[in-house]
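Accompanying notes for the structure given below.
The values are calculated or read from the model by the stated rules, or taken from the named source; none is laboratory data. This one's a predicted model, so the numbers in the text were calculated from it and none came from an experiment. Counting neighbours? That spans all protein chains shown, and the Cβs are built from the backbone with ideal geometry, glycine included.
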Ligand code: C2E
Ligand code: MG
Ligand code: MG
């Protein structure tokens with residue numbers, strides 16, 4: 001993979017110095033002295049070194065534009081201000097789900113910069129084209145058409161036992177194979193489905209696809225457990241456990257091969273009904289996972305009341321373990337908490353070897369992330385195995 005890097009800094013001399021250093025570290029490096037120009041380029045880069053203090057478009061504005069435009073790049077922030085400014089810029093970038101791999105204060109030690117670059121695990125991102133930036137949001141009618149005409153597809157991301165590196169299962173992640181727009185990410189249509197009351201229809205079709213896939217794998221001699229994301233909007237029908245059990249029975253599958261992932265923030269309303277449904281799902285043998293743990297409002301109350309079998313630590317903590325002591329302590333505490341409650345603990349968002357090995361050391365059970373494997377179509381996953 002080609003390693004590309006761009007330095008965005010109005011200080012021409014400083015930017016050139018960093019670019020030269022990056023070239024020494026094996027990067028194809030370029031410089032941009034005005035951030036506005038970056039957004040006009042079509043090229044994407046693996047790493048962006050971004051100065052926070054620039055006269056025309058400052059670093060915070062760049063972060064905002066990257067975040068809102070869905071641009072993905074591994075960011076290194078540079079600032080001449082004190083550490084707290086860097087820290088809040090980092091937090092802002094995290095809010096936009098941007099990937100920060102380091103930060104540097106000016107004056108800067110070049111050797112430190114080179115060392116930082118060589119430790120980064122390069123991830124290949126695709127820069128959204130300007131056309132896509134301006135693309136209109138999808139409509140409910142389009143989504144309904146997509147469900148009916150089988151345009152939704154499931155990708156599967158491997159989950160491994162961190163102690164043995166063996167596959168424990170996969171997470172099914174939905175994508176919309178749009179005939180014109182190409183592959184659309186769930187972030188662009190899940191909320192819409194929830195808002196217009198289409199979630200039951202959507203989840204029913206996802207469950208059907210996942211069950212058929214488990215069955216297909218079974219016929220190939222592969223026993224692969226699948227985790228499926230369900231929305232809180234799905235946990236309102238009291239007959240859900242029976243419906244699901246029936247589907248499973250029709251294929252002669254074991255309910256243990258399915259885990260339902262529920263995000264904690266989504267579960268806040270109507271606790272009585274969800275408690276009823278979720279408890280019966282557990283009784284019937286399905287796995288229940290609390291997804292994105294640590295980001296909702298009253299995680300501990302939910303953990304206490306709902307019989308989850310698995311806790312999935314939110315990716316924002318996992319991704320920052322190396323750089324952020326607090327994030328690391330939160331991960332460690334989640335592992336302990338899950339084990340005290342006899343739950344399996346999963347870390348998602350593992351993007352490099354160092355994080356994977358610290359999680360292993362912390363005793364985390366299962367790992368998932370780009371470093372282990374990206375979400376891929378079923379056929380590719382079978383090949384990967
Ligand atoms: P989630 O359930 O927390 O899924 C994890 C997301 O993180 C996935 O994004 C996955 O591609 C991404 N991911 C995995 N490993 C890494 C990593 O190492 N680094 C980074 N940066 N990202 C990683 P995706 O597929 O775009 O899904 C986003 C969210 O959309 C999911 O978050 C889930 O809440 C929702 N979603 C996806 N599929 C479904 C579905 O079938 N039904 C429902 N109700 N929601 C779904
Ligand atoms: Mg999930
Ligand atoms: Mg998650």
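What to note about this one:
- Pair list, Cβ under 8 Å, 6 or more apart: segment 173-192 residue outside the structural domain of residue 378 (by TED's automatic domain parsing) and near ligand 1 (Cβ under 10 Å from one of its atoms), other residue at pLDDT 90 or above and assigned to a loop (DSSP other than H, G, I, E, B): none
- Residues of segment 213-251 that are in contact (Cβ under 8 Å) with a residue 12 or more places away in the chain, more than 14 Å from ligand 1 (Cβ to nearest atom) and in a helix (DSSP H, G or I): 214, 215, 216, 217, 218, 241, 244, 245, 247, 248.
- Residue check: residue 268 meets all listed conditions (1) under 24 Å from the mean Cα position of the chain (by Cα); (2) at pLDDT 85 or above; (3) away from ligand 3 (no atom under 16 Å from the Cβ) but one, namely (2).
- Residue within segment 233-252 that is closer than 22 Å to residue 382 by Cβ, surrounded by 16 or more Cβ atoms within 10 Å (Cβ to Cβ) and either in contact with a strand residue (DSSP E or B) (Cβ under 8 Å, 6 or more places away or on another chain) or assigned by TED's automatic domain parsing to the domain that holds residue 168 (or both) present: yes
- Residues satisfying the stated conditions in segment 345-385, i.e. away from ligand 2 (no atom under 15 Å from the Cβ), crowded, with 20+ Cβ neighbours inside 10 Å and either free of Cβ contacts under 8 Å to residues at least 60 places away in the same chain or part of a helix (DSSP H, G or I) (or both): 355, 356, 359, 378, 381
- Which listed residue is on the phi < 0 side of the Ramachandran plot and either assigned by TED's automatic domain parsing to the domain that holds residue 18 or modelled with pLDDT under 90 (or both), from 126, 170, 153: 126
- Residue check, residue 210 away from ligand 3 (no atom under 16 Å from the Cβ) and buried (at least 19 other Cβ atoms within 10 Å of the Cβ): yes
Residues checked against (1) in contact with a strand residue (DSSP E or B) (Cβ under 6 Å, 6 or more places away or on another chain); (2) in a helix (DSSP H, G or I); (3) buried (at least 19 other Cβ atoms within 10 Å of the Cβ):
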position: 160; (1), (2), (3): yes, no, yes
position: 165; (1), (2), (3): no, no, no
position: 172; (1), (2), (3): yes, no, yes
position: 176; (1), (2), (3): yes, no, yes
position: 180; (1), (2), (3): no, no, no
position: 203; (1), (2), (3): yes, yes, yes
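- Unique match (being over 24 Å from residue 327 (Cα atoms) and in contact with a helix residue (DSSP H, G or I) (Cβ under 7 Å, 6 or more places away or on another chain)) among 98, 92, 5, 50: 5
- Tally of residues being within 12 Å of residue 294 (Cβ to Cβ) and away from ligand 3 (no atom under 16 Å from the Cβ) across segment 314-331: 2
- Considering each residue of segment 351-369 in turn, at least one proves to be within 15 Å of ligand 1 (Cβ to nearest atom), under 24 Å from residue 153 (Cβ atoms) and under 18 Å from the mean Cα position of the chain (by Cα).
- Qualifying residue in segment 331-344 (condition: away from ligand 2 (no atom under 16 Å from the Cβ), surrounded by fewer than 21 Cβ atoms within 10 Å (Cβ to Cβ), under 16 Å from the mean Cα position of the chain (by Cα) and outside the structural domain of residue 74 (by TED's automatic domain parsing)): no
- Hey, residue 273 at negative phi, more than 16 Å from ligand 1 (Cβ to nearest atom), at pLDDT below 90 and assigned by TED's automatic domain parsing to the domain that holds residue 368 or not: yes
- Counted as qualifying within segment 282-343 are the helices (runs of 4 or more DSSP H) with 1 or more residues that are modelled with pLDDT of 95 or more and within 13 Å of ligand 1 (Cβ to nearest atom), namely 315-319.
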